[in-house]
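Participant: To start, I am sharing the structure in question, which I have written as structure tokens.
The values are calculated or read from the model by the stated rules, or taken from the named source; none is laboratory data. Just so it is clear, the structure is predicted and the values come from calculations on it, not from any experiment. Here the Cβ is made from the backbone with ideal geometry for all residues, glycine too, and neighbour counts use every protein chain on show.
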């Protein structure tokens with residue numbers, strides 16, 4: 001997937017936004033920084049009027065926005081999914097600053113769709129949403145008042161992408177496996193690990209969360225996934241053969 005402007009492959013994803021006006025403010029920030037692809041996950045049903053007022057000339061972003069029932073559905077087809085969160089748990093090793101995020105994302109945009117995901121204004125992204133993110137980005141701010149307005153957070157990250165794109169010629173990246181294929185791999189992995197008793201009800205969620213982060217950092221392409229799923233299938237075949245012979 002190649003385009004003249006790599007930023008057209010960048011999606012801003014808003015999950016369960018509470019305030020309609022924030023959607024419009026985000027649309028304005030996006031247009032300021034050359035972004036146009038807005039994905040809304042379960043937005044407020046009455047968002048149209050207030051969102052248009054705050055968009056202030058960026059109505060085209062709202063008019064072309066996609067609405068999705070779940071985050072998993074929204075990021076399907078994206079090779080890299082980055083969640084914006086100020087809750088950086090200790091087990092998350094792949095947490096970027098905005099500048100590091102821009103340096104990572106821009107080369108990937110040449111051949112992949114990349115999603116920047118933002119959660120609800122009050123609570124941010126929930127745990128199940130974070131599990132779908134390959135990376136996190138954290139915006140440094142004052143410890144005495146760390147919470148940013150949603151549109152301000154979008155602007156900070158969009159600005160870093162815009163400035164990095166215009167200040168340096170970045171090489172093209174590898175075409176990564178899309179998020180929906182990664183989810184099929186994780187389901188296959190969990191099923192196999194349950195069959196060999198590596199996972200159980202006491203550690204399943206925690207272990208799978210850690211494994212998602214481990215594989216998420218590796219930037220897998222389709223060939224990588226095919227190899228890993230082939231290994232899992234062979235493990236399943238051998239296990240079933242052993243059970244049939246006992």
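So that you can scan it fast, the table gives a plain yes or no per residue for (1) in contact with a strand residue (DSSP E or B) (Cβ under 8 Å, 6 or more places away or on another chain); (2) within 24 Å of residue 179 (Cα to Cα); (3) at pLDDT 90 or above; (4) not in a loop (DSSP other than H, G, I, E, B):
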residue: 38; (1), (2), (3), (4): yes, yes, yes, yes
residue: 78; (1), (2), (3), (4): yes, yes, yes, no
residue: 87; (1), (2), (3), (4): yes, yes, no, no
residue: 103; (1), (2), (3), (4): no, yes, yes, yes
residue: 112; (1), (2), (3), (4): yes, yes, yes, no
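Participant: Related question: Across the range 209-220, which residue is surrounded by the most Cβ atoms within 10 Å (Cβ to Cβ) among those that are without any contact (Cβ under 8 Å) to a residue 60 or more places away in the chain and either more than 16 Å from the chain's Cα centre (by Cα) or not in a loop (DSSP other than H, G, I, E, B) (or both)? I'd like the intermediate steps shown before the answer.
Facilitator: Residues of the range 209-220 without any contact (Cβ under 8 Å) to a residue 60 or more places away in the chain: 211, 214-215, 218, 220.
Now drop any that are not either more than 16 Å from the chain's Cα centre (by Cα) or not in a loop (DSSP other than H, G, I, E, B) (or both), which leaves 211, 214-215.
Values: 211: 15, 214: 11, 215: 18.
Out of the qualifying residues, it is 215.
Participant: For the range 112-129, name all the residues that are buried (at least 18 other Cβ atoms within 10 Å of the Cβ) and out of contact with any helix residue (DSSP H, G or I) (no Cβ under 8 Å at 6 or more places or on another chain).
Facilitator: Result: 120, 124, 125.
Participant: Please work out which residue is surrounded by the most Cβ atoms within 10 Å (Cβ to Cβ), limiting yourself to the range 48-71 and to residues that are assigned to a loop (DSSP other than H, G, I, E, B) and more than 23 Å from the chain's Cα centre (by Cα).
Facilitator: Among residues in the range 48-71 that are assigned to a loop (DSSP other than H, G, I, E, B) and more than 23 Å from the chain's Cα centre (by Cα), the one surrounded by the most Cβ atoms within 10 Å (Cβ to Cβ) is 58.
Participant: Same structure again: Hey, can you tell me all the residues within the range 136-173 that are closer than 30 Å to residue 185 by Cα, at pLDDT below 90 and surrounded by 15 or more Cβ atoms within 10 Å (Cβ to Cβ)?
Facilitator: Residue satisfying the conditions is 173 alone.
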